[in-house]
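Participant: One structure, pasted below without further comment.
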Amino acid sequence: MAEREASPLPLDVRARLAELELELSEGDITQKGYEKKRSKLIRAYVPHPGGMEGMSHRPSFAPPSAARFHRRRSSGTRDERYRSDVHSEAVQAVLARHVESKVAVPMPSKRRSLVVQTSMDAYTPPDSSSGSEEEAGPGDDMPGMEHWMTRPAHLGPAHLGSTSSSSSSTQSGGSGNAGRLADSLAHTHLSHPHLAHPHLTHTHTHLTQSHHVSAHHSQTHHAIGHLSLKRKPALGVAENGGSLRRSCEFGSDMLWPPPLESDERHIGTIARNTQKYGNAERMETGDGVPVSSRVSAKIQQLVNTLKMPRRPPLREFFVDDFEELLEVQQPDPKQRRPEGAEMLAVRGEDLGVVTNWPPSLEAALQRWGTISPKAPCLTSLDTTGKPLYVLTYGKLWSRSVKLAFNILHKLGSKQEPMVRPGDRVALVFPNNDPVAFMVAFYGCLLAEVVPVPIEVPLTRKDAGSQQIGFLLGSCGVTVALTSDACHKGLPKSATGEIPQFRGWPKLLWFVTESKHLSKPPRDWFPHIKDANSDTAYIEYKTCKDGSVLGVTVMRIALLTHCQALTQSCGYTEAETIVNVLDFKKDVGLWHGILTSVMNMMHVISVPYSLMKVNPLSWIQKVYHFKAKVACVKSRDMHWALVAHREQKDISLSSLRMLLVADGSNPWSISSCDAFLNVFQSKGLRSEVICPCASSPEALTVAIRRPVEDSSQPPGRGVLSMQGLSYSVVRVDTEERLSVLTVQDVGTVMPGALVCVVKPDGVPLLCKTDEIGELCVCSVATGTSYYGLTGMTKNTFEVFPVASGGGLVSEYAFVRTGLLGFVGPGGLVFISGKMDGLIVVSGRRHNADDIIATALAVEPMKFIYRGRIAVFSVTVLHDERIVVVAEQRPDSTEEDSFQWMSRVLQAIDSIHGVGVFCLGLVPANTLPKTPLGGLHLSETKQLYLEGGLHPCNVLMCPHTCVTNLPKPRQKQPEIGPASVMVGNLVSGKRIAMASGRDLGQTDDNDQFLFLSEVLQWRSQTTPEHILYTLLSSRVTHAHTSLTCLQLHKRAERVAALLLERGGLQEGDHIALVYPPGIDLIAAFYGCLYAGCVPITVRPPHPQNISTTLPTVKMIVEVSRSACVMTTAVICKLLRSKEAVATVDIRNWPPVLDTDDLPKKKSPALYKPCNPDALAYLDFSVSTTGMLAGVQISHNAVGAFCRSVKLQCELYPSREVAICLDPYCGLGFVLWCLCSVYSGHQSILIPPVELESNPALWLLAVSQLRVRDTFCSYSVMELCTKGLGLQTEALKARGLDLSRVRACVVVAEERPRMSLTHSFSKLFKDLGLVNLAICLQGTSGPDPTTVYVDMRALRHDRVRLVERGSPHSLPLMESGKILPGVRIIIANPETKGPLGDSHLGEIWVHSAHNGSGYYSGYGEEVLQSDHFISRLSFGDTSTVWARTGYLGFLRRTELTDASGERHDALYVVGALEEAMELRGMRYHPIDIETSVIRTHQSIMECAVFPWTNLLVVVVELEGSEQEALDLVPMVTKAVLEEHYLIVGVVVVTDIGVIPINSRGEKQRMHLRDGFLQDQLDPIYVAYNM
């Protein structure tokens, strides 16, 4: 309505003003032009325009008093503050306020293929066959459709930001709309959003040139460019036939130059050869960590954003190391409390019984059917709007009687009828067939059976259809009435039968058309009784959780409700009513089917199929039929606004009542106002609009009465949103932006008593200024939830209690599910629904309010209005808000992301609450109700299961999770002596343990050197087989090597070295061989020649560029004088690709050992010093460090003796080894142990398993091996590759029953889940005993303990029961080797720890390495690792630090010697442990949680970066599922580890690099990520 002074504006001026406002809202004219034309129009009617601004157009609401709620005088001018479109302006003002100072939000990176698929798919616009409250309608496809909800209708110059300016900020392409959450502002300045950005093009070019990336539509200097990365060539890994992962290891081997050199010149050489994932240039930060300009810039953005001040943190506390308490919500000091008096129950007017009211509805039908048979009852329309069929009262009566007879007498047999009076019958009719439904409904009433109207199931898997089936089953429904057309349209099986729908009982489908029915005998009449307490019908209701309940309504309630509606609405006989609502339930049923018949009214039923085609159709019908009443929803009014220009010849002057069915949604007021604004010129009067509030349980709760006198305008108030969140009614007096404009829904129904009670707990009466749940006491309500006595008692049998303890009434009240209050004059105000209530940190928010705020942020370019869902999920013991909306297919990535960030900003500012997750899904993909609306509970279920497949996601855990435990504070350092004394006092023993003593009993123990042992064996047992090599290429291909053969080959190798190499004693030789016999012969040849061998993994032929630099680096670092290899690898080293990768001119001489000299070496080298270097052991740690460990002859002998004793290795034994022979225990078992102990080693190169996964197990079975060694990667290969082949293997004779011990060689924590899977899979093949690490047969089986993961984060070990919350299973890492002593020490203070502490494992043994090898005299590293001493206690013993954290536990078990068994548990690598929030986290624990979250997560790795936790997951499945993982990963880590994930990276399978031992190389992955070389599918930066 235009503003007006004492003299009202003429109609034509008002119409012109309304058109002006529409033009402004649609952007047809500017704000300035609008103001100019407007002032011109009203100048003549406004005497003092200058004085208006200071006037109080309406009395403003004062603190609690009756004056707050009042009615508007007809002559008074309109108060701008009571406009319903205030909210849209408030949201725009909030966003405008943030434009000047805004932080850039890092935009997620998405692979181009994903961008193309999500934005370019040919989506069909959302289809909706008929309406429900949250429905996408026809206007969604029309331009300018949404302007009335999102654009202010009245824009004055004083308003904070015009709509046109806020919309232009989106179109400008600047980062003006890449908003940050409300309180996180500062730093970055933004140019005015109206201006074009002169430097935008330049920035785009610069980004493209400098980073070699296609960043389409890059933003300005705020760096919110969308990174749509081009896919780089895979890392040379994809071409590698089988080993996608393993070849990544070579890249990791050289990522870090070895920590041993300081010679700058040499390091320069190594760095030059350093291989990268792709071709990106590399930069370094101050601490030498490699970064890339783009990803690290985004992370820096994220870090800066998270540093911004947020809402004041809650007061945190922390009890002790073991009790991590989540933050408890403290009372808000600003919390408003209700101050009014206790409310009194409000009574409606008396229900005035009129003499000619029928005693029951059937009686009314009989009366009109016989007295006025020709009177029209119902007109149905086709999709063009033409009348399809007019049902007269006579027809309705006769057809209902015929149907009643058939229901009772023609179903089943005479003796056993299928349906008896009182039975329940389903009514399944489509929304475009009200005639058939009405006949069926009254037929059931006449037959005294109970109709249960439900929706038509379109497919067997409709959303919510299963729950409907449960309702039908619980109601005992066996018969479904339906129409002919509907029956033909139901899904059919191949035989033409209607299949049983999921969850539905078996039904007999009965068609109700007259031609299929038998005529009743002339003497048969239905028995028409007065209304009684029998059940009349059951109305279904869908709950918040998706369950469906049946509300039973008695016949007396049905009649009384019709009478109350007749009285309230002033219905009279033969009135015409236009009904747009669903006639099967709720207001549409009550007015369009029931009350209409009681009053012999004529109903024009407008189907949704027509509304979709022509949104104006209902207005045309009102005009055409001169209808007095129309029943609509606010959505129908909204749609009509779009099309009203197309129609000139319509008038709404005949309407005396426009019933707004969803008046209980407070946001319906804006549709009402906008509709009145436009259609006032078409004869619509303001007093005609009558919102009502209803619920399935209480039927109609309140309704605004149509009045003839317009001097009684409705009441409305502007309430503070903050007050509402505390359930307090406070009128906004400070002109704040976070307000809710509410309108009344009239007064209480006649004959009813209404009170407001607290929604939770005991139903105590609320105070007058307090929001609560409305309860109704009346005859005209539902009676129960069918078959659910417990829920019925809580809802239908409520006795409200006053503060004094007395009952309000002796009669029971019914809970309505509506939240609100009763204002002065008995006006009822609704602020929301119980179903939409979200309680976050003790404050109440309504889903509808949040939807309205989201829709006010220029939604029409990005999302569909009716397709937005808001719900809450429980994360970390509090509710978190999730917003999901359908995105229009034509919106770009950048625009959508910026819209999302603005929505977060708006919700945070307006509602004072953070959004946990905001997701956009492709159009038409959210589950629908049968009416076409959004199915909220199914949407929530899909979100929880990870099945939404969003195309854009923005997570904000940093903003809204404020109840994390307080970060652990590092205590002042306690000295090691105090720790030791404390342990002794508390009765805890110091964590020390040792293996049994090494005894010297064997003949070969007389030799100090392994070369001597081989010579001795070649003389004493020359034909004894030491090695057998298996290959998958040739079936049963065995290459065996006896003691004498090995000795002779080694002699010839030594001769080659001395002759061709001209090498000296002590020279280093690099052995670059594939796993096999040649490697062993070359090793012993080096020993015979007095040289020091270094085993090096050969480069991979399919991946030379990544793997060859590693070989080169080891050769250079070890200062090898010569490289020995095979002819094939020799050729490979000289290939074109090798020459292109490394400079081969720097190689030392390369000797080919395939062509050995025939003569043996003249004299074998006799070593003299047992402490001299035997060989160098080069390996890459999981953190990517390359290190060479020096192993002396003494250590070799001691180690071999220790392994021999532990594993009971003798010449008669056979051992199968499936390990990589290049470093560590794998090398010792492959090359050294057989020569020392004399047993036969069956060698199976792990690479062979890639082509034949069964090779290892078949070898173990066929050769009847009792002991076998493998790695986790081998075990994983067998578990995955042979999982479905166990039966086939059994048929091939695979039998593992002879296996006594299967030893897994690994440095990491034992992988229990993998070993359990392996044991379970192959137990049918006889695998009974599984041992981990060097577990001797004489010791007990490995034990498993369960420790508290929370205590472990504080370096404490606390045992718990299996299945306890936060329990972590750990398996013992095998029995301690003979001759080995172990102690657990504090890695920082080097003091000994008790056995209840986690610490670093230190080892003292004869076979410890002598130090790291450095070819440049740099001895810094070795000083600590190999010769550490305790700072207290036993300070004389020299220990080697393992770099692994673990603990010792004395078990109750005893070993063969009768001594108590000390179990060692490895928890994780010290280098990889992450210090986050003051606690120590082990990556594997977080990774285990992440892998469990979703079936599509194949593998996972985590690492920290600048205090942010980065989670990389490998996706197995469609790229469309990538974004589902982001919320699930974030939630899992938050709940299980109390950590907020900073970045989630979704990649393809095989991206996480894994070394030969099957261990993840996380630091290598980190560097690849920071250098943009992972080619991720999606990267999400959590806010």
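The values are calculated or read from the model by the stated rules, or taken from the named source; none is laboratory data. Worth saying up front: this structure is predicted, and the values here are computed from it rather than measured. Here Cβ is always computed from backbone atoms with ideal geometry, including for glycine, and neighbour counts include all displayed protein chains. These accessible areas exclude ligands, DNA and RNA; they are computed on the full protein's heavy atoms, side chains included. Shrake-Rupley method; radii C 1.70, N 1.55, O 1.52, S 1.80 Å.
Participant: Once fully extended, how much extra length lies between M418 and D997, figured as 0.36 nm per residue of separation less the alpha-carbon to alpha-carbon distance?
Facilitator: On the way: separation 579, 0.36 × 579 = 208.44 nm, distance 8.77 nm.
Gain on extension, M418 to D997, equals 199.7 nm.
Participant: Still on this structure, I have one more. For segment 1500-1506, in order, what is each residue's ³J(HN,Hα) by Karplus, 6.51 cos²θ - 1.76 cosθ + 1.60 with θ = phi - 60°, in whole Hz (x at glycine and Pro)?
Facilitator: Here the 3J(HN,Hα) series is 8, 9, 10, 7, x, 8, 6 Hz.
Participant: Further question: Compare the peptides 941-948, 610-617 by average per-residue count of other Cβ atoms within 10 angstrom and give them in order, highest first.
Facilitator: Values: 941-948: 18.0, 610-617: 21.2.
Top of the packing list down: 610-617, 941-948.
Participant: If I model a spin label as a point 7 Å beyond the Cα along the Cα-Cβ vector, how far apart are those points for R1356 and Q1064 in nm?
Facilitator: About 6.0 nm, to one decimal.
Participant: If we count every other residue with Cβ under 14 angstrom of I593's Cβ, Lys/Arg +1 and Asp/Glu -1, where does the sum land?
Facilitator: Here the charged neighbours net out to -3.
Participant: Right, next: So how do 516-529, 563-576, 348-361 stack up, highest first, on mean other-Cβ count within 10 Å?
Facilitator: On the way: 516-529: 12.4, 563-576: 19.6, 348-361: 13.9.
My ranking of the peptides, most packed first, is 563-576, 348-361, 516-529.
Participant: Using a Förster radius of 25 Å, what is the FRET efficiency between F799 and E339 based on their Cβ-Cβ separation? Nearest 0.05, please.
Facilitator: Details: r = 26 Å, r/R0 = 1.05.
Efficiency at R0 = 25 Å is approximately 0.40.
Participant: For segment 489-588, what does the alpha-carbon gyration tensor say about shape, rounded, prolate or oblate, given a ≥ b ≥ c as the root eigenvalues, a/c under 1.5 as rounded, and a/b over b/c as prolate?
Facilitator: Because a/c hits 1.5 or more and a/b fails to exceed b/c, segment 489-588 counts as oblate.
Participant: Let me ask something else about it. Indicate the gyration tensor shape class of segment 1124-1282 (rounded, prolate or oblate), computed on the Cα atoms with a ≥ b ≥ c the square roots of the eigenvalues: a/c under 1.5 is rounded; otherwise a/b larger than b/c is prolate and the rest oblate. The partial results should precede the final answer.
Facilitator: Values: a/c = 1.61, a/b = 1.15, b/c = 1.40.
Oblate shape, in that a/c is at least 1.5 and b/c is the bigger or equal ratio.
Participant: Could you list, in their original order, any pairs among K374/K515; K621/K648; K585/K833; K410/K584; K374/K410 whose Cα atoms are separated by more than 23 Å?
Facilitator: K410/K584; K374/K410
Participant: What length, rounded to one decimal in nm, is gained on full extension from K37 through to E497, with 0.36 nm per residue of separation minus their alpha-carbon distance?
Facilitator: That works out to 158.9 nm of additional length.
Participant: Rounded to the nearest percent, how much of the accessible area of segment 837-891 (1.4 Å probe, protein heavy atoms only) is carbon and sulfur?
Facilitator: Numbers: 630 of 1220 Å².
Carbon-and-sulfur percentage of accessible area, whole number: 51.
Participant: Does segment 571-710 come out rounded, prolate or oblate by the C-alpha gyration tensor, with a ≥ b ≥ c the root eigenvalues, rounded set by a/c under 1.5 and, if not, prolate when a/b is larger than b/c and oblate if not? Don't skip to the end; give the middle numbers.
Facilitator: Numbers: a/c = 1.34, a/b = 1.25, b/c = 1.07.
The shape class here is rounded.
Participant: Then there is this: Could you compute the FRET efficiency for W357 and T1343, with r as their C-beta to C-beta distance and R0 at 60 Å, rounded to 0.05?
Facilitator: Numbers: r = 83 Å, r/R0 = 1.39.
Result of the calculation: an efficiency of 0.10.
Participant: Counting Lys and Arg as +1 and Asp and Glu as -1, each charge on the Cβ, what is the dipole of segment 623-697 about the Cα centre in debye, to the nearest 20? Before the final figure, lay out the partial values.
Facilitator: Working: 9 positive and 7 negative charges, 64 e Å.
The dipole magnitude comes to about 300 debye.
Participant: Would you mind calculating the gained length between S809 and E1208 on full extension (0.36 nm times residue separation, minus the Cα-Cα distance), in nm to one decimal? Present the calculation step by step, with values, prior to reporting the outcome.
Facilitator: Details: separation 399, 0.36 × 399 = 143.64 nm, distance 8.77 nm.
Gain in length upon complete extension: 134.9 nm.
Participant: Looking at S1273, V1260, G1293, which one has the Cα that reaches farthest to the positive end of the dipole of segment 1228-1324 (charges on Cβ: Lys, Arg +1; Asp, Glu -1)?
Facilitator: The listed residue farthest towards the positive side: G1293.
Participant: May I ask for the net charge around L517, where only other residues with Cβ less than 10 Å from the Cβ of L517 are counted and Lys, Arg are +1 while Asp, Glu are -1?
Facilitator: Values: positive: R399, K402, K410, K515, K519; negative: E513.
Neighbourhood net charge equals +4.
Participant: Would you mind computing, in nm to one decimal, how far apart the modelled labels at I371 and S1367 are, each placed 7 Å from Cα along Cα→Cβ?
Facilitator: 7.7 nm
Participant: Something else about it: Plugging the Kirkwood radius over Cα pairs into Stokes-Einstein for segment 424-566, at a temperature of 37 °C and a viscosity of 0.692 mPa s, what D comes out in µm²/s? Show your work: numbers first, answer last.
Facilitator: Details: Rh = 16.4 Å.
Here the translational diffusion coefficient equals 200 µm²/s.
Participant: Further question: Cβ neighbours within 10 Å, averaged per peptide: list 578-588, 1191-1201 in order, most packed at the top.
Facilitator: Values: 578-588: 24.7, 1191-1201: 22.1.
Ranked by mean Cβ neighbours within 10 Å, highest first: 578-588, 1191-1201.
Participant: Treat every Asp and Glu Cβ in segment 997-1147 as -1 and every Lys and Arg Cβ as +1, leave all other atoms uncharged, and give the resulting dipole magnitude about the Cα centre to the nearest 20 debye. Write out the running numbers ahead of the final one.
Facilitator: Values: 13 positive and 14 negative charges, 191 e Å.
Taking the Cα centre of segment 997-1147 as origin, the dipole is about 920 debye.
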